[in-house]
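Any read-out appearing in this document is the output of simple, stated calculations on the displayed coordinates, not a laboratory observation. Since the model is a prediction, treat every value here as computed from it, not as a measurement. Using ideal geometry, Cβ is built from the backbone for each residue, glycine included, and neighbour counts are taken over all protein chains shown.
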Amino acid sequence: MTLLDLTLPIAPGMPVYPGDPAVEFVPALTLASDGWAVTRVALGTHTGTHVDAPAHRIPGGATVDALPLDVLVGPARILDLTTLGAGAEIGPEHLSAAWEEGPVTRLLLRTDWDTRAGQPDYFTDFPGLTPAAAEALVARSVRLLGVETPSLHPRHDEAVHRILLGAGTVVVEGLTNLRRVRTPHPWVVVLPLLLSGLDGAPCRVVALDGVLP
């Protein structure tokens, strides 16, 4: 079994989704002056690889600290969509292969768009999930959806989020390295920061690739 990190690093000054807060690391204490190193970190809840809780879009929706661990951890299915390029629409017809082997609780969409992180079009021209595709995921009882894009759709983001988050689906955005996972059925561990009452949080995502001990 191999452990693979599916998380983008967070760094000061990194590109963020348009309108989101910038990332800042500011020394609060230093070894030279105080004998301890402590850093104040400022960032948005949807920075880098992160979880969208229903409260991100749905009034009264579940907050990130209320997400069930049995959804955030467990076997997943990786669906290869790398034939779709920039600006592609991911419709229900592109998702049908995910159900060929039975029900899917956690679905990860591989697009390799993570390789464009830092490029000008990373936030503007990524392959996007259509509202019809979101409805198909809800109909199939997918409880966690992970994507290698910074959001769900560059133009219909609000509608797609409303459908998925309104159904209680956990959304994980900004994944990376799905191309390194050898099995299409890895276990995944998604651990967002336990931020009380908030709409989302940066998270660490790890895939357990291969046979579990």
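Things worth noting here:
- Added length on full extension, which subtracts the Cα-Cα distance from 0.36 nm per residue, Asp65 to Trp99: 9.3 nm
- C-alpha long axis of helix 157-166 to longest principal axis of the chain, angle in °: 80 degrees
- Comparing Pro27, Pro18, Pro184 in a Gaussian network model of the chain, where Cα atoms under 10 Å apart are tied by springs, the biggest mean-square fluctuation is seen for Pro27.
- Computed E for Arg155/Ser196 - FRET, C-beta separation, R0 45 angstrom, nearest 0.05: 0.85
- In order along region 188-201, the phi-based Karplus estimate (6.51 cos²θ - 1.76 cosθ + 1.60, θ = phi - 60°) of 3J(HN,Hα) comes to 10, 10, 10, 10, x, 4, 8, 8, 5, x, 9, 7, x, 6 Hz; Gly and Pro are listed as x.
- Placing one equal scatterer on every Cα of region 7-130 and applying the Debye formula, the log10 ratio I(q)/I(0) at q = 0.10, 0.11 Å⁻¹ is -0.48, -0.57.
- Gaussian network model of the chain, Cα within-10 Å springs - most flexible of Leu191, Leu29, Leu178: Leu29
- Long-range amide H partners of Ala88 with built H, under 5 Å: Gly128
- Multiplying each eigenvalue of the alpha-carbon gyration tensor of the chain by 5 and taking the square root yields semi-axes of 28, 19, 18 Å, largest first, rounded to whole angstroms.
- Between Ala66, Ala98, Ala37, the residue with the greatest mean-square fluctuation in the GNM of the chain (Cα pairs under 10 Å linked by springs) is Ala37.
- The protection proxy used here, the mean number of other Cβ atoms lying within 10 Å of each residue, ranks peptides 147-158, 194-205 as follows, highest first: 147-158, 194-205.
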